[in-house]
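The structure appears below as structure tokens.
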Amino acid sequence: AAIEKNGYDHFMLKEIFEQPQTIFDSLRGRMDAHKNQITLSGIDAIADKIMAARRIIIVACGTSWHSALVAEYVIEELCRINVEVEYASEFRYRNPIISSEDVIIAISQSGETADTLVALENAKEQGATIYGLVNVVGSSIARISNAGSYTHAGPEIGVASTKAYTAQLAVLQLIALKIAKLKGTIDDQKFTYFIQQLDAVPEKVQWILDNQVEEIQRIAKKYSDANDVLYLGRGYNFPTALEGALKLKEISYIHAEGYPAAEMKHGPIALVDETLPVIFVATKDSYHEKIVSNIQEIKARKGKIIAIVSEGDNRVEELADDIMVVPSCDEIIAPLLAAIPLQLLAYYIGVERGLDVDQPRNLAKSVTVE
Ligand code: G6P
């Protein structure tokens, strides 16, 4: 087992560090900035269905549901098509209205999650077209899909999903760009710009791994005794806050909640006192001014502020107690980078608390029963 971990203490850490490669592998061969082209044969196969669809429904569970939420923001922005995100377990039991005009994207690392699989079977019976975004080749969800794309994250052993999540995000970006091109909702210049942005992601993730780990370990030690942690984000990084909180819960057993930063006023702000760490995903984007005022609101109530910031953002650095830095990028791409420090933070807090981070209690890698 030590050899399989390639010198890392845990599979989770190994998988976090693999992400420059797994993101690269998930993008490789699929995009070409010179030809202004994205090749996704799965999308080509159902292009007529996508063009006719009035909405796209994305169905998933757990971490995969969080990548679905990011995709909702990105696809609606770039493709101007309505996207609905559903928990598979809710979708399958609530008699959803589905027709042959619906395209459903199913996201699943394992391709075996029972709720997702049955939700898709039901939708397929009602005539929907199923697009599978799956990591495990030949898995049940891959097989019942009408078309799809694989993420190329390789086997994920750690129960808490890391590299599968960022691989999903990478391919979802490609799917959004490809659909935007089909629908003519993006011009060539912007299309090339986004391909270049995506192309730079693996090296930016590598930069985080090379430059932020020591600081994140220090922050992990400082907050490892917390009883609760609040994660806040807006826009494309609202799902990042949810995923950060999920990672911490899974690995450290600390109660954590992810919330849209503005929505905190409607409840979570009541929890804020000088003992509560509040993690802000505050990268430079079109929501930045808004999140800075949310940070000030927490600071006024003496909460401890830990912020993920874009390189060179001195303003948030001054407000925050601790910062984790990520390279600058377009806001649409930011969830791919901002996920990394939050994975590392959860990992090091779990280790600090002496827990079995690869196999947290009560959790399963793949939930094949409902
Ligand atoms: C379990 C795993 C999670 C995963 C979820 C969905 O809860 O522990 O890491 O995100 O199932 O799994 P899937 O394989 O469908 O992505």
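Here, each number is a calculation from the coordinates, and none is a lab measurement. Because the structure is a prediction, the values reported are computed rather than measured. Backbone-built Cβ (ideal geometry, glycine too); neighbour counts: all protein chains shown.
Numbers for the structure displayed
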| item | result |
| --- | --- |
| Residue, farthest from HIS152 (Cα to Cα), within the range 106-132, restricted to residues that are away from the ligand (no atom under 12 Å from the Cβ) and not in a helix (DSSP H, G or I) | GLN126 |
| Which listed residue, of VAL171, VAL205, VAL229, is within 22 Å of the chain's Cα centre (by Cα), hydrophobic (A, V, I, L, M, F, W, C) and within 29 Å of ILE57 (Cα to Cα) | VAL171 |
| Of all residues in the range 145-166 being of a type in the set (S, T, N, Q) and in contact with a Ser or Thr (Cβ under 6 Å, 6 or more places away or on another chain), the one that is farthest from GLY127 (Cα to Cα) | SER161 |
| Residue match in the range 51-58 (condition: of a type in the set (Gly, Ala, Ser), buried (at least 18 other Cβ atoms within 10 Å of the Cβ) and part of a helix (DSSP H, G or I)) | no |
| Number of the exception - ALA71 against (1) assigned to a loop (DSSP other than H, G, I, E, B); (2) within 16 Å of the ligand (Cβ to nearest atom) | (1) |
| Subset tally (residues that are without any contact (Cβ under 8 Å) to a residue 40 or more places away in the chain and among the charged types (D, E, K, R)) for the range 26-58 | 3 |
| Residue identified as over 16 Å from the mean Cα position of the chain (by Cα), of a type in the set (A, V, I, L, M, F, W, C) and more than 18 Å from VAL171 (Cβ to Cβ) among ALA45, ALA52 | ALA52 |
| Residue satisfying all of: in the range 82-105; surrounded by fewer than 23 Cβ atoms within 10 Å (Cβ to Cβ) and in a helix (DSSP H, G or I); farthest from the ligand (Cβ to nearest atom) among these | GLU90 |
| Residue list for the range 5-25, restricted to those being more than 17 Å from VAL201 (Cα to Cα), touching a residue at least 12 places away in the same chain (Cβ under 8 Å) and surrounded by fewer than 19 Cβ atoms within 10 Å (Cβ to Cβ) | ASP9 |
| Condition check for LYS304: among the charged types (D, E, K, R), within 15 Å of the ligand (Cβ to nearest atom) and surrounded by 16 or more Cβ atoms within 10 Å (Cβ to Cβ) | no |
| Residues satisfying the stated conditions in the range 19-58, i.e. more than 16 Å from the ligand (Cβ to nearest atom) and of a type in the set (Gly, Ala, Ser) | GLY29, ALA33, SER41, GLY42, ALA45, ALA47, ALA52, ALA53 |
| Members of the range 245-274 that are in a helix (DSSP H, G or I) and within 12 Å of PRO360 (Cβ to Cβ) | LEU246, LYS247, LEU248, LYS249, GLU250, ILE251, SER252 |
| Qualifying positions in the range 201-238 - among the basic types (Lys, Arg), surrounded by 20 or more Cβ atoms within 10 Å (Cβ to Cβ) and assigned to a helix (DSSP H, G or I) | LYS204 |
| Residue among CYS79, CYS61 that alone is in contact (Cβ under 8 Å) with a residue 60 or more places away in the chain, out of contact with any Pro (no Cβ under 6 Å at 6 or more places or on another chain) and within 16 Å of the ligand (Cβ to nearest atom) | CYS61 |
| Verdict on ILE179 being over 19 Å from ILE50 (Cβ atoms), part of a helix (DSSP H, G or I) and away from the ligand (no atom under 12 Å from the Cβ) | no |
| Those residues of the range 48-85 which are aliphatic (A, V, I, L, M) and touching a Lys or Arg at 6+ places or on another chain (Cβ under 9 Å), in sequence order | ILE50, MET51, VAL59, LEU78, ILE81, VAL83 |
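Here is a yes/no grid of residues against (1) crowded, with 16+ Cβ neighbours inside 10 Å; (2) among the small types (Gly, Ala, Ser):
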position: ALA153; (1), (2): yes, yes
position: ILE157; (1), (2): yes, no
position: LEU169; (1), (2): yes, no
position: LEU172; (1), (2): yes, no
position: ILE175; (1), (2): yes, no
position: GLN196; (1), (2): no, no
position: ASP199; (1), (2): no, no
